[in-house]
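Asker: Supplied in structure tokens, the structure appears directly below.
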């Protein structure tokens with residue numbers, strides 16, 4: 001496999017682009033099947049999920065919407081364990097099917113916080 005250098009760090013490629021695109025297509029196919037007629041809201045967590053979300057949305061062929069949230073839990077390369085919401089959920093999600101797109105769930109803390117926000121917004125609307 002090849003390697004890539006980002007700033008002063010070298011990373012070895014473990015999974016090829018073709019393999020990743022094949023997996024994205026399989027996920028999209030399943031979503032298209034399972035959520036047909038439900039007009040889901042895809043909620044992509046910035047910045048990490050952006051590229052995956054873009055690739056995924058190119059393959060989604062059902063009626064849907066996408067929105068973005070942004071949180072911070074890192075200082076440098078270390079997680080602080082505290083979530084700071086930078087961009088929140090602005091959409092009306094009452095009765096909606098919400099699909100969270102995240103690159104790495106490093107702690108259950110953020111996902112739990114997001115789940116609480118979604119439930120609260122659903123109750124308010």
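Where a number appears in this text, it was derived from the coordinates with a stated rule and is not lab data. This is a predicted model, so every value here is computed, not measured. Positions of Cβ are backbone-derived with ideal geometry, glycine not excepted, and every protein chain shown enters the neighbour counts.
Asker: Using a cut-off of under 19 Å, list every residue of segment 25-48 whose amide N is near the label point 7 Å from the Cα of residue 4 along the Cα-to-beta-carbon line.
Answerer: 25, 45-48
Asker: What is the fewest-to-most order of 2, 16 by other Cβ atoms lying within 10 Å of their Cβ? Before the final figure, lay out each step's value.
Answerer: Working: 2 7, 16 11.
Going from least to most buried by this count: 2, 16.
Asker: Give me 35, 43 sorted ascending by neighbouring Cβ count inside 10 Å, so fewest comes first.
Answerer: 35, 43
Asker: If you don't mind, there's one more thing I want to ask. Rank these for me by crowding, 98, 69, going from fewest to most other beta carbons within 10 Å.
Answerer: So the ranking, lowest neighbour count to highest, is 98, 69.
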